[in-house]
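A short write-up of the structure that comes next.
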Amino acid sequence: MLKNKKLTTGLLSFALLTLCFSIDGWQSLIIETVAAQGGTPAPSTNIFTSTANLAVIIATAMEVLAFMIFHFLQYLLDPLFILELTATEGLRDIWKYSRDIMNIIFAFMLIFAGIYTVITGEKELVNSKYKKFILAVVLVNFSWFFPRVILDVANVLTATIYQLPAGLSAGGSVDCKLPPKIPGGPSEDCTIITDVKYFKGCDPLPTDYIAQGIVCYKRDPWVGETNTAFGMLNGLVVNYGKLGELTRVINPSATPAAGGTKTERYKQYLLFLMHIMFILVLMAMLFLPLAAMFVVFLIRIPIMWVTIAFMPFMFLGFVIGDKMKNFDSMKIFEHYIKAAFLPAAVAVPFAAGFLILTEITQVSCPTIAGPLCADTGPLLTNVNTLWGILMLLISFFIIWFGFWAALSIDTIYTSATSGIRSFGSSIGKTALKLPLSVPIIPTGGGESMSILGIDDAIGRLNSGLSSGMSGKDAFKAAAGGGKGGATATAEFSKVLNSPSNAQTRILTDIRAKLGVGNKFNQQELTAHLGQRGNGSRSAIDASLKKENIDISGLNDSEVAKIILTKVPEFQKATP
């Protein structure tokens, strides 16, 4: 079996390589086949364009959401914004109720301690807790004040981290530069997005705004003293991450599509599809961490509200200690600390990454990158060198890995964004598989197979040869595709197990071909089904297809095993 698999894998691999590198092969096997089925397909109707359109829709949707999230993050990352939210009178009123309740609890605890000491005469419990009790009674009345002090300290630390790029730069300002659009040309100054409008706000387009689909935004010159979260976000996401430019698709050359050969049109569509997939992956790499950041900082607001409002209850856990176990109210304080310092944790990778990128772009590209600065043609809009792609990828990795590392500060945030992270980990693989999943290899009968389907076809061919099928029949079964393996087995077994009209019809056909009263073992039934002259296998396949069950991907041995297992009347008794 292994020998057959190696042989068939080698032969099909050689055939595929010959197919790929032979222009005539592409032309005759793929393009001409399509043309024969109804003329040369227009770009708007062929499968390449349909796949590309779907990818463009997804990428555009992610870009629009990225703009909205970017707009929100300008405020969610602003320390003054959270200060205003936590200074509301309603929040303070809740805190007052919490404090009063906690004072009542302390009074009952004091009474209980006195009664316990008088009745038992034991002082160990009181002696071990009274210092914490006195401290808690005093500090509970200041539990509105010290959270704000902690928040101020966290905000100062965050601002200090964001000022590092300016502090380490000459003159105390950040000189943000972008890789040149034209190889050998001058570097361009960064810009910042100062306002974003959506939908009707862009109709008519306001003065000095740039239209991007249903979004329009205003760019202003880069401010050298930009040392805030707003500045770092603009630098990493808008400039180095190219938000607003990333989904601008480079149109394929009109010449091949309009008047070239079928082979040239096919190549053009395939390259265009690969370009779209590349953009989709990059847009996902930019959008997903922004989406996770939005979720985290949105969750942070109610966490801070709840912890501040019920901060007095933390002193109950402070006094009682570990005996509260999962109900330890000291966790209120722990979650507040982590929420307060979350912006500082996010600021570290953002500021460090932005500093590295700004310093690298100050150096002439040929000096440090050499061949990476050569003109490769437009890889993305305004990106014509591998150096530009490298800067783009570095910014994505800084945003991606730096942000996820910062989230480890609290399990609440990692749990809330685990779905986004796992989706991001798989979307790249999926996007890379999409071009390979296009059914471009004709298999006969008007059907086609994708490059990814070759592996399944090899498995079906190998199973057919191992079961004794002729080479012609095995190849036909492999190329015909259909459902194979676990799917076909499960469907066939299910219909034989479940009493129904479909089961009755199928059993009637099986009995008619195998003969009522006949008994088989596995080898005998496999051989019987393999004798194509008696029509047993084809009749069983046809009967199942009437019930929308396709077992063409199963070999005779697999079909025989299912029949003998699910229809015991045909089983030969073991001697």
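The values are calculated or read from the model by the stated rules, or taken from the named source; none is laboratory data. All figures in this text were calculated on a predicted structure; none of them were measured in a lab. Glycine gets a Cβ as well: all are built from the backbone with ideal geometry, and neighbour counts include every protein chain shown.
Based on what the data block shows, is S98 polar (S, T, N, Q), farther than 24 Å from L73 by Cβ, outside the structural domain of V238 (by TED's automatic domain parsing) and at pLDDT below 85? Here the answer is no, as S98 does not meet what is asked. The single condition among (1) in contact with a helix residue (DSSP H, G or I) (Cβ under 7 Å, 6 or more places away or on another chain); (2) surrounded by fewer than 21 Cβ atoms within 10 Å (Cβ to Cβ); (3) in contact (Cβ under 8 Å) with a residue 24 or more places away in the chain that H275 does not meet is (1). Considered as a group, the residues in the stretch 247-269 that are out of contact with any helix residue (DSSP H, G or I) (no Cβ under 6 Å at 6 or more places or on another chain) and either crowded, with 16+ Cβ neighbours inside 10 Å or part of a loop (DSSP other than H, G, I, E, B) (or both) include one that is modelled with the highest pLDDT, and that residue is R248. Only one of the numbered conditions (1) more than 17 Å from L77 (Cβ to Cβ); (2) surrounded by fewer than 20 Cβ atoms within 10 Å (Cβ to Cβ); (3) touching a helix residue (DSSP H, G or I) at 6+ places or on another chain (Cβ under 9 Å) is not met by L205, and that is (3). Taken together, D24, D93 contain a single residue that is among the acidic types (D, E), surrounded by fewer than 13 Cβ atoms within 10 Å (Cβ to Cβ) and either modelled with pLDDT under 50 or in the same structural domain as P343 (by TED's automatic domain parsing) (or both), which is D24. Scanning the stretch 175-183 turns up no residue that is at pLDDT 75 or above and either surrounded by fewer than 17 Cβ atoms within 10 Å (Cβ to Cβ) or β-branched (V, I, T) (or both). Looking only at residues in the stretch 111-136 that are modelled with pLDDT of 80 or more and basic (K, R), the one that is nearest to V319 (Cα to Cα) is K132. Among residues of the stretch 407-428 being buried (at least 21 other Cβ atoms within 10 Å of the Cβ) and part of a helix (DSSP H, G or I), the one that is modelled with the highest pLDDT is Y413.
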